[in-house]
Amino acid sequence: MLMRSAGDGRSREATLGRPYGTAGTPQGVALVLPSGAARGAGRPTRRSVAAVAALARCLARRGRSDALGVHVVRYRVRGWNDSAADPVRDASWALDEVVRRHGDVPVSLIGVDMGARAALRASGHPAVVSVVALEPWLPGEAVATEPVKQLSGRRVLLVHGTDDERTDPELSYRLAERVKKANREVCRFEVHSDAHGLGGHRAEVMALTADFVLGSLFERDFARPVADALAAPPPLGLRMPLAVGFGGR
């Protein structure tokens, strides 16, 4: 199943990338939404997909015993493109495709940068039980009006580096505050001294993401810091520091 658009006169297709994880019928699915650009009608770069491959492999490895299926969504075009919100349309298509292929399985949306904003927007789909937004791209003028009602009933995790100069961590905090007012199952972790890409604490960020995804999809117990962050009132639960070595043995 393909989703087509002729925005620049050429056929565009949104697809689910090759599956990571279980070779059989998945009992839960993680959809990973890559980064992109504010505008652009050209095809997404291979680099954006490659940038989330390690996260997809980590999720598949940690979720193997639970039969977790993982897909990276490949967008039709690389841009958000103002009101078109193209990656949200692609994420919604991908969710419908997961249901078509696998039936009534719970889904977690995991997005990076522009993909994080798309994941938050697309979370109203009935298959979605949780959302992870890593360093979400949130234009400042949009934060006060960004929709949040669709996140009701979902577990939500936001993660941001405090030294990120590309996507403003304070904007994700302000959004988290708005979401928390309508949904108690929200937490946000700050990665101190880390910049955009969260490369300085990659292992901890991937471990945190996996813990949250597997806990929400399969009713596993969350790691203690995650459980504490979900239970804590603002601002503590929305400014939880990610400890060095999180998830390590």
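Can you work out ³J(HN,Hα) from phi for every residue in the stretch 93-106, in order, using Karplus 6.51 cos²θ - 1.76 cosθ + 1.60 and θ = phi - 60°, giving whole Hz and x for Gly and Pro?
Once θ is set to phi - 60°, the couplings for the stretch 93-106 become 4, 4, 5, 4, 5, 4, 5, 4, 7, 10, x, 7, 10, x Hz.
Rounded to the nearest percent, how much of the accessible area of the chain (1.4 Å probe, protein heavy atoms only) is carbon and sulfur?
Working: 5530 of 11070 Å².
About 50 percent, which is the carbon plus sulfur part of the accessible surface.
Dipole size in debye (nearest 20) for the chain around its Cα centre, Lys and Arg Cβ +1, Asp and Glu Cβ -1? Walk me through the intermediate numbers first.
On the way: 35 positive and 27 negative charges, 151 e Å.
About 720 debye.
Quick one: accessible area per residue over the stretch 177-243, 1.4 Å probe, rounded to a whole number of Å²?
Working: 3040 Å² over 67 residues.
Ligands and nucleic acids excluded, the figure is 45 Å² per residue.
Only bridges with both residues in the chain count here: give the DSSP antiparallel percent, nearest 5. Mind dumping the intermediate values first?
Values: 7 of 37 bridges.
Around 20 percent of the beta bridges assigned by DSSP in the chain are antiparallel ones.
If we sort 62-75, 106-119 on the protection proxy, mean other Cβ atoms within 10 Å, highest first, what's the order? Mind dumping the intermediate values first?
Working: 62-75: 21.7, 106-119: 27.4.
In descending order of packing, they fall as 106-119, 62-75.
Suppose every Lys and Arg Cβ carries +1 and every Asp and Glu Cβ carries -1, with no other charges. What dipole size does the stretch 158-249 come out with about its Cα centre, to the nearest 20 debye? Please list the in-between numbers first.
Working: 12 positive and 14 negative charges, 55 e Å.
With only Lys, Arg, Asp and Glu charged at Cβ, the dipole is about 260 debye.
Taking 0.36 nm per residue of separation and subtracting the Cα-Cα distance, what length does fully extending His192 through Gln27 add?
Details: separation 165, 0.36 × 165 = 59.40 nm, distance 3.48 nm.
The span from His192 to Gln27 would gain 55.9 nm if fully extended.
Compute the length gained on full extension between Ala203 and Gln150: take 0.36 nm times their separation in residues and subtract their Cα-Cα distance, giving the result in nm to one decimal. Mind showing how you got there, number by number?
Details: separation 53, 0.36 × 53 = 19.08 nm, distance 3.01 nm.
That pair, Ala203 and Gln150, stretches by 16.1 nm at full extension.
Among 232-239, 34-41, how do they line up from the highest to the lowest mean number of other beta-carbon atoms within 10 Å? Could you put the intermediate results ahead of the total?
Values: 232-239: 15.2, 34-41: 19.6.
Answer by packing, highest mean first, reads 34-41, 232-239.
Ignoring ligands, DNA and RNA, what accessible area per residue does the stretch 49-117 give at 1.4 Å, in Å²? Show your work: numbers first, answer last.
Numbers: 2450 Å² over 69 residues.
Accessible surface, normalised per residue, equals 35 Å².
For the stretch 135-192, with the dipole built from +1 on Lys and Arg beta-carbon atoms and -1 on Asp and Glu ones, taken about the Cα centre, which of Phe189, Pro169, Ser152 lies farthest toward the positive end?
It is Ser152.
Using amide H atoms built 1.01 Å from N in the peptide plane, name the residues 5+ places from Leu158, or on other chains, whose amide H lies under 5 Å from its own.
The list, which skips near neighbours in sequence, is Ala133, Cys187, Arg188, Phe189.
The values are calculated or read from the model by the stated rules, or taken from the named source; none is laboratory data. Keep in mind that what you see is a predicted model, and the values were worked out from it rather than measured. FYI the Cβ positions are ideal-geometry reconstructions off the backbone, even for glycines, and counts take in every protein chain you see. These area figures cover heavy atoms from the full protein model, side chains too; ligands, DNA and RNA do not enter into them. Shrake-Rupley method; radii C 1.70, N 1.55, O 1.52, S 1.80 Å.
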